[in-house]
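Student: The following block contains the structure, expressed as structure tokens.
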Amino acid sequence: MSSDTETPTGPKAGAREWIGLAVLALPTILLALDFTVLHLALPHLAVELRPSSTQQLWILDIYGFMIAGFLITMGTLGDRIGRRRLLMIGAACFGAASVLAAYAPSAEMLIAARALLGIAGATLMPSTLALISNMFHDPKQRGLAVAVWLSCFSAGGAVGPLIGGALLEWFWWGSVFLMGVPVMLLLLIAAPLLLPEYRSPEPGRLDLFSVALSLAAILPIIYSVKEAAKGGWSVLLVAVLLVGVLFGWVFVRRQRVLSDPLMDIGLFRFRAFSVGLGSLLLGTLTLGAFVLLFAQYLQMVQGLPPLQAGLWMAPYAITNIVGAMIAPAVAAKLSASRTIALGLVVAAAGFALFTQVGAESGLALGVLASMLITFGLSPLMVLVIDLVIASAPKERSGSASSMSETCSEMGMAMGVATLGAVGTAVYRTVIAGSLTEGVAGEAAAAAGDSLPRAMAAAENLPSNVAGDLIAAAENAFLTGLSTVGWASAGTVLLLAVLTVLSLKSSAPAGEDNDEQGGGAAGLGAGQESKLSAERG
């Protein structure tokens with residue numbers, strides 16, 4: 001360590017650790033960029049590669065599928081072979097796959113390259129988060145480091161449309177993938193100099209059958225909820241979902257009997273860990289539905305082109321960063337549970353405000369609501385991640401980190417599929433009774449499906465009928481949006497109550513987090529000692 005300053009829970013980090021954190025921020029920013037820039041590049045690459053509609057969907061989705069599917073495997077693999085080593089292997093593979101994607105001669109090759117990017121990306125997130133737990137032992141410093149880590153992910157999402165738009169203005173579509181190459185080269189150079197290596201002292205054997213089971217569980221679940229969000233549930237998608245749940249049950253059963261499990265089910269004995277993951281899942285669920293509806297509102301109700309819509313979504317990414325950075329300091333004063341609950345109340349106010357947006361309300365109301373929502377949810381994300389990695393033994397922090405990331409992925413996908421489905425159902429109910437006699441046949445069927453299809457159908461109708469159709473469709477969409485907003489507000493308020501009760505009761509009897517100083521996650525020295533004793 002660069003510093004010999006001791007705290008009740010370990011030495012404080014010095015300059016080397018903080019510079020190392022900047023190195024860990026590089027892949028975090030890049031992963032967020034890769035999630036956003038492809039949406040801008042898709043029209044450009046479609047001209048050259050001519051992918052079918054199905055291929056376009058796979059080009060967009062395969063990256064996220066692979067990341068979600070391999071997170072648990074890669075988190076545990078890092079515990080076994082070394083977290084820095086896995087990070088460097090993943091960085092090299094990510095750079096190579098980026099070049100392959102940039103110069104892909106066909107849609108099939110681009111899909112394959114995006115799949116490789118997803119697998120490589122799955123090595124980066126749990127490795128960076130687990131290394132933070134090794135570099136920052138002091139609770140306050142660790143919480144701040146986690147906040148910086150999460151802020152970098154938000155920053156990458158915010159600047160992605162700007163950087164992607166600039167590259168596409170001057171270069172060909174493949175340039176958006178080449179952004180990753182210099183970043184990964186810098187990481188490969190700096191990592192051996194600034195990042196510590198850590199692996200479990202008794203790593204055990206990697207159970208390949210468990211790896212296959214985890215993929216067979218996660219991929220069908222993620223696929224079914226994403227497809228349901230696009231076109232609604234069908235018998236086939238329900239069957240796919242049930243197959244994933246069945247494999248998940250077999251996976252959990254196997255982990256309980258293995259001496260070296262791929263995922264340590266025993267971590268769920270720690271209340272901070274299990275409650276934290278559940279809270280993260282529900283919090284990201286509401287966020288996933290909001291992001292979808294807000295983007296549609298900006299483009300289809302306010303009529304903004306994609307790039308301008310992306311710019312108006314930047315303020316909520318900025319407030320997310322602000323909320324993440326101040327959450328550790330507030331938690332040190334109030335405790336984690338109170339800080340999370342306070343943030344969730346702010347988010348509930350944002351969701352309530354979001355229900356009031358309309359075609360004539362202008363952009364200010366929607367943007368303000370978006371800022372309150374992400375500002376209020378950011379303490380939940382930062383402090384829960386800190387609680388999760390603090391609850392896990394050091395030799396299992398990679399596995400714990402991967403579980404938190406998997407929960408986030410699942411929450412975002414489930415939010416679109418569940419609350420998004422609620423909004424769609426309300427839209428279809430309202431629009432069914434709003435169509436005029438001039439809208440019939442294929443136009444009526446399209447308008448009854450979704451707002452984008454209603455807008456497309458209106459282009460082929462007489463102007464007076466088209467105006468009535470658009471007004472009816474916008475009203476139906478806003479009614480669905482309002483319903484989802486109130487449901488989300490109720491969800492986060494309930495989550496605030498449950499978080500306060502559950503996390504407060506997980507503290508040792510008679511311990512006051514405020515008096516302990518709390519740390520970034522609200523875990524005082526006494527609480528961390530208790531967790532250590534429980535692990536033993």
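The values are calculated or read from the model by the stated rules, or taken from the named source; none is laboratory data. What you are looking at is a predicted structure, and each value in this text was computed from that prediction instead of being measured. Using ideal geometry, Cβ is built from the backbone for each residue, glycine included, and neighbour counts are taken over all protein chains shown. Keep in mind that these areas ignore ligands, DNA and RNA; they rest on the heavy atoms of the full protein, side chains included. Shrake-Rupley method; radii C 1.70, N 1.55, O 1.52, S 1.80 Å.
Student: Roughly how many Å² of Cys152 are accessible to a 1.4 Å probe, to the nearest 10?
Tutor: So the heavy atoms of Cys152 present about 20 Å² to solvent.
Student: Counting Lys and Arg as +1 and Asp and Glu as -1, what is the net charge of the other residues whose Cβ lies under 9 Å from the Cβ of Glu197? Could you put the intermediate results ahead of the total?
Tutor: Numbers: positive: Arg83, Arg84, Arg85, Arg199; negative: none.
Every neighbour counted, the sum reads +4.
Student: Here's a follow-up. Can you send over the solvent-accessible area of Ile189, 1.4 Å probe, protein chains only, in Å² to the nearest 10?
Tutor: The accessible area comes out at roughly 120 Å².
Student: Another question, then. Calculate, for Asp260 and Arg16, the FRET efficiency according to 1/(1 + (r/R0)^6) with r their C-beta to C-beta distance and R0 35 Å; round to the nearest 0.05. Present the calculation step by step, with values, prior to reporting the outcome.
Tutor: On the way: r = 33 Å, r/R0 = 0.93.
FRET efficiency, Asp260 to Arg16: 0.60.
Student: Taking R0 as 45 Å, what's the FRET efficiency between Ala212 and Leu186 from their Cβ-Cβ distance, rounded to 0.05?
Tutor: Working: r = 35 Å, r/R0 = 0.77.
According to the calculation, E is roughly 0.85.
Student: Here is a follow-up. Tell me, what is the FRET efficiency for Glu197 and Ala239 to the nearest 0.05, using R0 = 51 angstrom and their Cβ-Cβ distance as r? Show your work: numbers first, answer last.
Tutor: Numbers: r = 45 Å, r/R0 = 0.88.
With a Förster radius of 51 Å, E is 0.70.
Student: Leaving out ligands, DNA and RNA, what percent of the accessible area of region 299-391 is carbon and sulfur, probe 1.4 Å?
Tutor: Its accessible area is 74 percent carbon and sulfur atoms.
Student: Between Ser463 and Val99, how many nm apart are label points set 7 Å from Cα along the C-beta direction?
Tutor: If labels sit at Ser463 and Val99, their model points lie 5.7 nm apart.
Student: Give me a comma-separated list of calculated 3J(HN,Hα) values for region 188-198, in order, Karplus coefficients 6.51, -1.76, 1.60 applied at θ = phi - 60°, integers in Hz, x for any Gly or Pro.
Tutor: 5, 6, 7, 4, x, 7, 10, 9, x, 9, 8
Student: How large is ³J(HN,Hα) for each residue in region 486-501, as worked out from phi by the Karplus curve 6.51 cos²θ - 1.76 cosθ + 1.60 (θ = phi - 60°), to whole Hz, x for Gly and Pro?
Tutor: Listing the rounded values in order: 5, 4, 5, 4, x, 5, 6, 5, 4, 5, 4, 5, 5, 5, 4, 5 Hz.
Student: Another question, then. For region 94-211, what is the accessible area per residue in Å², given a 1.4 Å probe and the full set of protein chains? Display every interim value, and only then the final one.
Tutor: Numbers: 4440 Å² over 118 residues.
Accessible area per residue: 38 Å².
Student: So what's the gap between the Cα centers of region 278-306 and region 63-78, to the nearest angstrom?
Tutor: 25 Å
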